[in-house]
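The structure that follows is given in the form of structure tokens.
The values are calculated or read from the model by the stated rules, or taken from the named source; none is laboratory data. Since the structure is predicted, the reported quantities are computational estimates derived from the model, not experimental observations. Positions of Cβ are backbone-derived with ideal geometry, glycine not excepted, and every protein chain shown enters the neighbour counts.
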Amino acid sequence: MLSVNIGPFPLPLSQLFLMVALLVALGVGHLAGRGQKTGGMASTLSDMLLVALLAARLVFVALWFDSYRQEPWSILDIRDGGFTLWAGVLAALLVALWQGVRRAALRKPLVLGLAAGALAWGGMQGALNVMNEEAPVLPTVVLTTVAGEQVQLAELAAGKPLVVNLWATWCPPCRREMPVLAAAQQKESGVSFVFANQGEDGAAVLRYLSSSQLHLFNVVFDPATALALAVGSRSLPTTLFYDASGRLVDSHLGELSAASLANKLQQLRAPPAVTSPPP
């Protein structure tokens, strides 16, 4: 599962987990500081979050600046998911340390709250990882090629790492990111790309691709949106990243930028860790 619906709006699980962890941290911190003049627990957590997001974004942009150079205004569009986790965590901890040094009464509630929030996030993420490990390596959904043949993702992967883009012609962010994915498909010969249209008539899709002059390989049709249901995605576009063994290693809900796609492809190409044989 990649997302849940909050009313009519899909919410990525990563964002939901973060919201829950912050609420747990706030609740535990408030209880731990009850009867003391701690104050500022909520403002401290919000400061940590804001500084973490800013630091994580700035470091990511610095690392992938060449990808942003031609469209510098895209730096402000954080919907591409371009954040460097370690930079955000470090910045948040520095804010917490600074607040703890300045306000002694806040130290215990802050430490306990952050520990509880981290445990809550870790527990939810761990449960999700277990669910993903128990799921089939690749969805066994039957898709239809442009030639009208039936095919599955494992056949299209051909033993390579696999990027699967779930999209539709009526989806503006899908259309905006398509040239980025098309360019990556032309460049990345060691990675297979599949463009799985969700819920549309094949003739309409081909007319769109022809009029937009997009040159894509491995365009397939999924009129019943069975693939989106199989992976638990409730929003478009969704991009899935599988390693050569068919294990889901990453995903992205929403529009990809050249930088965020390059970052995920770099992780996808990373060699698997070598484990020593048992004695």
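Working carefully through the options Met41, Met1, Met48, find the one that is farther than 19 Å from Ala262 by Cβ and either among the polar types (S, T, N, Q) or within 20 Å of the chain's Cα centre (by Cα) (or both).
Met1
Let me ask something else. When residues of region 132-163 are filtered for being touching a Gly at 6+ places or on another chain (Cβ under 9 Å), of a type outside the set (A, V, I, L, M, F, W, C) and touching a residue at least 40 places away in the same chain (Cβ under 8 Å), how many remain?
3
Let me ask something else about it. Being on the phi > 0 side of the Ramachandran plot and either assigned by TED's automatic domain parsing to the domain that holds Leu18 or not aromatic (Phe, Trp, Tyr) (or both), is that true of even one residue in region 59-78?
no
Also, I was wondering about something else. Looking at this structure, is Val51 closer than 26 Å to Arg103 by Cα and touching a residue at least 24 places away in the same chain (Cβ under 8 Å)?
Judged against the criteria, Val51 is a match.
Failed condition for Trp167, given (1) of a type in the set (Phe, Trp, Tyr); (2) more than 16 Å from Ser3 (Cβ to Cβ); (3) under 18 Å from the mean Cα position of the chain (by Cα), with all others met?
(2)
Got a number for residues in region 149-182 being of a type in the set (Val, Ile, Thr), closer than 19 Å to Lys264 by Cα and in a strand (DSSP E or B)?
2
Taking region 120-131, which residues are surrounded by fewer than 15 Cβ atoms within 10 Å (Cβ to Cβ) and in contact (Cβ under 8 Å) with a residue 40 or more places away in the chain?
Gln125, Met131
Give me the residue from region 182-205 that is in contact with a strand residue (DSSP E or B) (Cβ under 8 Å, 6 or more places away or on another chain) and of a type in the set (A, V, I, L, M) and, out of that set, nearest to Leu162 (Cα to Cα).
Val191
Could I ask something else about it? Look through region 204-224, keep the residues that are without any contact (Cβ under 8 Å) to a residue 12 or more places away in the chain and not in a loop (DSSP other than H, G, I, E, B), and return whichever of them is nearest to Leu248 (Cα to Cα).
Taking the candidates together, the pick is Leu209.
Only one of (1) assigned by TED's automatic domain parsing to the domain that holds Leu110; (2) within 21 Å of Leu265 (Cα to Cα) is not met by Leu2, so which one is it?
(1)
Now for a separate question. Of the conditions (1) surrounded by fewer than 17 Cβ atoms within 10 Å (Cβ to Cβ); (2) touching a Pro at 6+ places or on another chain (Cβ under 6 Å); (3) aliphatic (A, V, I, L, M), Ala183 clears all except one; give me its number.
Checking Ala183 against (1) surrounded by fewer than 17 Cβ atoms within 10 Å (Cβ to Cβ); (2) touching a Pro at 6+ places or on another chain (Cβ under 6 Å); (3) aliphatic (A, V, I, L, M), the one that fails is (2).
Turning to a different aspect of this structure: Whether any residue in region 225-233 is assigned to a loop (DSSP other than H, G, I, E, B), surrounded by 14 or more Cβ atoms within 10 Å (Cβ to Cβ) and over 19 Å from the mean Cα position of the chain (by Cα) is what I want to check.
Yes: one or more hits.
Inspect all residues belonging to region 227-246 and state whether any of them is of a type in the set (Gly, Ala, Ser), under 21 Å from Val146 (Cα atoms) and in contact with a helix residue (DSSP H, G or I) (Cβ under 9 Å, 6 or more places away or on another chain).
no
So, one more: Looking at Ala92, Ala154, Ala105, Ala115, which one is assigned by TED's automatic domain parsing to the domain that holds Leu216 and out of contact with any strand residue (DSSP E or B) (no Cβ under 6 Å at 6 or more places or on another chain)?
Only one candidate passes the filter, namely Ala154.
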